[in-house]
Amino acid sequence: MDVLVLIGRILFVALFLSSGVAHLSQTKQMGAYAASKGVPAPVPATALSGVVMLLGGLSVVLGVWADLGALLLAVFLFVTAVMMHPFWKETDAEAKQMEMIQFLKDLSLCGAALMLLALFSFAGHDLGLTLTGPLFDIG
């Protein structure tokens, strides 16, 4: 089971690690997109989101307080879904559908991150292939 959970962790965080690097290496361009969505302080928010994705992703994949990393990713994903993909504001049917898909993707990943939070908090010491145990104890 340890190896299966590790493979799942690696696959889960691939998106966050690559996106986190992109947010930090293309902050101005991505900040412009965030500005178009009405995000306040879009360039600093883009940089912050990059840091959160990298910290959360590395925490989960390395197993260093992976429950905290999963919580960081869940919060990031929920905020991103609401702020960046408000499909309910779209009037064009195609744009509305695309935003709804992205919104639901973020919510689905948020759900997966919450499940990882619970898994690591409950069974983190028994999972193996982690560098630390969980920070939270929901036992």
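The values are calculated or read from the model by the stated rules, or taken from the named source; none is laboratory data. Remember, it's a predicted structure, so these values are computed and weren't measured experimentally. Virtual Cβ from ideal backbone geometry, glycine too; neighbours counted across all protein chains shown.
Looking only at residues in region 1-13 that are in contact (Cβ under 8 Å) with a residue 40 or more places away in the chain and not basic (Lys, Arg), which one is nearest to His125 (Cα to Cα)?
The residue in question is Asp2.
Residue-level check: of (1) surrounded by 12 or more Cβ atoms within 10 Å (Cβ to Cβ); (2) closer than 15 Å to Leu62 by Cα; (3) over 16 Å from the mean Cα position of the chain (by Cα), Lys96 misses just (2). Against the numbered list (1) farther than 30 Å from Trp88 by Cβ; (2) at pLDDT 95 or above; (3) assigned to a helix (DSSP H, G or I); (4) not aromatic (Phe, Trp, Tyr), Val52 comes up short only at (1).
Residues that are farther than 21 Å from Leu6 by Cβ, surrounded by 15 or more Cβ atoms within 10 Å (Cβ to Cβ) and not aliphatic (A, V, I, L, M) are absent from region 54-68. Just one of (1) assigned to a helix (DSSP H, G or I); (2) touching a residue at least 12 places away in the same chain (Cβ under 8 Å); (3) among the aliphatic types (A, V, I, L, M) fails for Val64. It is (1). Within region 36-61, the residues that satisfy the criterion of being within 27 Å of Phe136 (Cβ to Cβ) and either hydroxyl-bearing (Ser, Thr, Tyr) or touching a residue at least 40 places away in the same chain (Cβ under 8 Å) (or both) are Ser49, Gly56, Gly57, Leu58, Ser59, Val60, Val61.
Which one of these does Val3 not meet: (1) under 22 Å from Leu114 (Cβ atoms); (2) modelled with pLDDT under 95? All conditions are met except number (1).
Taking region 84-110 only, how many residues are within 17 Å of Phe16 (Cβ to Cβ) and either assigned to a helix (DSSP H, G or I) or among the basic types (Lys, Arg) (or both)?
8
The C-beta contact set for region 20-35 (first residue assigned to a loop (DSSP other than H, G, I, E, B), second residue surrounded by 14 or more Cβ atoms within 10 Å (Cβ to Cβ), distance under 7 angstrom, 6+ apart or interchain) is empty.
State whether the residues of region 105-124 include one that is surrounded by 13 or more Cβ atoms within 10 Å (Cβ to Cβ), of a type outside the set (A, V, I, L, M, F, W, C), at pLDDT 95 or above and within 15 Å of Lys37 (Cα to Cα). For region 105-124, residues surrounded by 13 or more Cβ atoms within 10 Å (Cβ to Cβ), of a type outside the set (A, V, I, L, M, F, W, C), at pLDDT 95 or above and within 15 Å of Lys37 (Cα to Cα): absent. Within region 67-90, is there a residue that is farther than 18 Å from Ile10 by Cα, without any contact (Cβ under 8 Å) to a residue 60 or more places away in the chain and touching a Leu at 6+ places or on another chain (Cβ under 7 Å)? Scanning region 67-90 turns up at least one residue that is farther than 18 Å from Ile10 by Cα, without any contact (Cβ under 8 Å) to a residue 60 or more places away in the chain and touching a Leu at 6+ places or on another chain (Cβ under 7 Å). Yes or no: region 16-33 includes at least one residue that is of a type in the set (A, V, I, L, M), modelled with pLDDT of 95 or more and at positive phi. Scanning region 16-33, I find no residue that is of a type in the set (A, V, I, L, M), modelled with pLDDT of 95 or more and at positive phi, so the answer is no.
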